[in-house]
Amino acid sequence: MWSLLVNNWQTFLIGFWNTIWCSILALVFSLIIGSGFAILETMPNKFWRGVARVYIEIFRNIPLLVIAMIFYLVIPQFWVKMNGFTAGTIGLTLYTSAFISETVRSGIQSVGDGQMEGARSNGMTYWQAMRYVILPQAFKIVIPPLGNQFVNLIKNSSVLAFVAGFDLMYQGDVIASTTFQTIPTYIIVGIFYLILTLPLSYYMQYLERK
Amino acid sequence: MKPIIEFQHVDKYYGKFHALKDINLTINEGEVVSIVGPSGSGKSTLIRTMNGLEGINGGKLIVNGYDLADKKTNINKIRKDVGMVFQHFNLYENHTVLGNIELAPRVVLHRSKKENDEIAMDLLEKVGLENKAHMFPRNLSGGQQQRVAIARSLAMKPKVILFDEPTSALDPEMIQDVLDVMKLVAEQGITMVVVTHEMGFAREVANRLIFFDQGHVLEDRKPEEFFDHPNTERAKEFLSKIITK
């Protein structure tokens, strides 16, 4: 196993790097998009609630692989060309944002109505109340479930393997099929994933205890 | 006397339930008005319409010169001058006591840090909580939280403060501290509307009493007259229950 890693370290490293990079991009953008739709979903205005609902239901209920394939194969035919890494990362971002949206929404709704009424009666606008009173409390509540979403996101980034995204899983497939050392290859791939997800899991447990 | 809150034929429905029935009521600047009445009579609904927390379905409601029923009215402008104190305090749980008092003046009035600190500390001293400035609301007793909530309202320098059952969620030994602070507010000449079950406050501090029942204003008089000689049967019944209790 050690020789397999030494002989293919560059291939593994490219995959590891692409997995990290894809995860960071998807994490940042899904957090922004997800929070945005969560805010829309809790707005008093019915129209915006409806828009958010449609978005969330679509991306939450289609398999991630299908979303990634649409961006990899369908959209380039009609619109812009993109490589596998971009298509996979966009797909992962949209898919995860739907789940983050649900998580953040539940956080916003678990902040009592009294907080909003207090802030509005104090002269603040809806958005000021959100910004200074509701959202800070909501995000604190949803840190543990958000952590789970991030761990899922890293694992789900393996979808890049199906759209030629050169991630850890894809590189593993390449090594396995050229060296025929299937078992050690996927053990190494698994360890690389653990290096990313375990510290995150433990950090979240630590935050939860705090 | 200058009117600051004017109800003209105001109606309010919750679905089919007629919560406020043809309310006609004028409250003048500087008045301390207490609203008493049985549970479920619509007192809280009435006071919550005064700063637009509840919308109205008919009639006209003018607060500080703005028509609340008009869609073009910017409700935030009214609320700058009309504070509210709630039964359950509703302090911002993510801000300290000082932060609670300073937040709205900072983001709504753009008051400078120095002035904001001075005003907030002065108010905390007035409500007797200057040593709690850096604590969070969850570490305060109910009575202390309510005094902070009153200070938070006062920091906006409002013309009117609405009190929606400010002592109903408090332990008996906390009530007096809060009533003392409310008395202080009354002495400053701020218009006060107080939904309350504290008959002592209604009698001694308020200069006007409204008896509210089943969505109607049944009596609107001087407090001592009301307590000594209630006009309506409903009021007599209500008072007899309170006194025997």
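I'd like the residue in the range A:42-67 that is among the hydrophobic types (A, V, I, L, M, F, W, C) and open to solvent by 60 Å² or more (accessible area, probe 1.4 Å) and, out of all such residues, is farthest from the chain's Cα centre (by Cα).
Restricting to residues being among the hydrophobic types (A, V, I, L, M, F, W, C) and open to solvent by 60 Å² or more (accessible area, probe 1.4 Å), the top hit is A:Phe47.
Would you check if there is a residue in the range A:108-124 being within 14 Å of another protein chain (Cβ to nearest Cβ), surrounded by 20 or more Cβ atoms within 10 Å (Cβ to Cβ) and in contact (Cβ under 8 Å) with a residue 40 or more places away in the chain?
yes
Can you name every residue in the range B:117-149 that is within 14 Å of chain A (Cβ to nearest Cβ) and either in contact with a Pro (Cβ under 7 Å, 6 or more places away or on another chain) or surrounded by 24 or more Cβ atoms within 10 Å (Cβ to Cβ) (or both)?
B:Ala120, B:Gln145, B:Gln146, B:Val148, B:Ala149
Quick check: anything in the range B:52-66 under 29 Å from B:Ile23 (Cβ atoms) and at the interface with another protein chain (Cβ under 9 Å from one of its Cβ atoms)?
Checked the range B:52-66: at least one residue is under 29 Å from B:Ile23 (Cβ atoms) and at the interface with another protein chain (Cβ under 9 Å from one of its Cβ atoms).
Taking helices (runs of 4 or more DSSP H) that fall entirely within the range A:94-210, which contain at least 1 residues that are of a type outside the set (A, V, I, L, M) and at pLDDT below 90?
A:135-156, A:168-179, A:182-209
Select from the range B:99-112 the residues that are touching a helix residue (DSSP H, G or I) at 6+ places or on another chain (Cβ under 8 Å) and either farther than 13 Å from B:Arg138 by Cβ or within 7 Å of another protein chain (Cβ to nearest Cβ) (or both) and list them in ascending order.
B:Ile101, B:Glu102, B:Leu103, B:Ala104, B:Pro105, B:Arg106, B:Val107, B:Val108, B:Leu109, B:Arg111
Counting residues that are charged (D, E, K, R), which strands (runs of 3 or more DSSP E) fully inside the range B:1-42 reach at least 1?
B:3-14, B:17-28
Does A:Val74 satisfy being out of contact with any helix residue (DSSP H, G or I) (no Cβ under 9 Å at 6 or more places or on another chain) and either buried (at least 23 other Cβ atoms within 10 Å of the Cβ) or assigned to a helix (DSSP H, G or I) (or both)?
Considered against the rule, which asks whether it is out of contact with any helix residue (DSSP H, G or I) (no Cβ under 9 Å at 6 or more places or on another chain) and either buried (at least 23 other Cβ atoms within 10 Å of the Cβ) or assigned to a helix (DSSP H, G or I) (or both), A:Val74 comes out as yes.
What are the residues in the range A:160-190 that are farther than 23 Å from A:Trp2 by Cβ and open to solvent by 10 Å² or more (accessible area, probe 1.4 Å), if any?
Once the filter is applied, which keeps residues that are farther than 23 Å from A:Trp2 by Cβ and open to solvent by 10 Å² or more (accessible area, probe 1.4 Å), the range A:160-190 yields A:Ala161, A:Phe162, A:Ala164, A:Phe166.
Looking at the structure I just gave you, is B:Ile47 more than 9 Å from chain A (Cβ to nearest Cβ), at pLDDT 90 or above and outside any helix (DSSP H, G or I)?
no
For A:Gly88, are the conditions met, namely being of a type in the set (Gly, Ala, Ser), assigned to a helix (DSSP H, G or I) and within 14 Å of chain B (Cβ to nearest Cβ)?
When the stated conditions are applied, A:Gly88 does not pass them.
May I ask you to verify whether B:Lys157 is at positive phi and open to solvent by 70 Å² or more (accessible area, probe 1.4 Å)?
yes
For the range B:165-177, give me each residue that is open to solvent by less than 20 Å² (accessible area, probe 1.4 Å) and in contact (Cβ under 8 Å) with a residue 40 or more places away in the chain.
B:Pro166
Collect the residues in the range B:76-98 that are farther than 17 Å from A:Gln128 by Cα, more than 7 Å from chain A (Cβ to nearest Cβ) and part of a loop (DSSP other than H, G, I, E, B), keeping them in residue-number order.
B:Gln87, B:Phe89, B:Thr96
The values are calculated or read from the model by the stated rules, or taken from the named source; none is laboratory data. Model, not experiment: these values are computed from the prediction. Glycine gets a Cβ as well: all are built from the backbone with ideal geometry, and neighbour counts include every protein chain shown. What goes into the accessible areas is simple: the full protein's heavy atoms, side chains included, and nothing from ligands, DNA or RNA. Shrake-Rupley method; radii C 1.70, N 1.55, O 1.52, S 1.80 Å.
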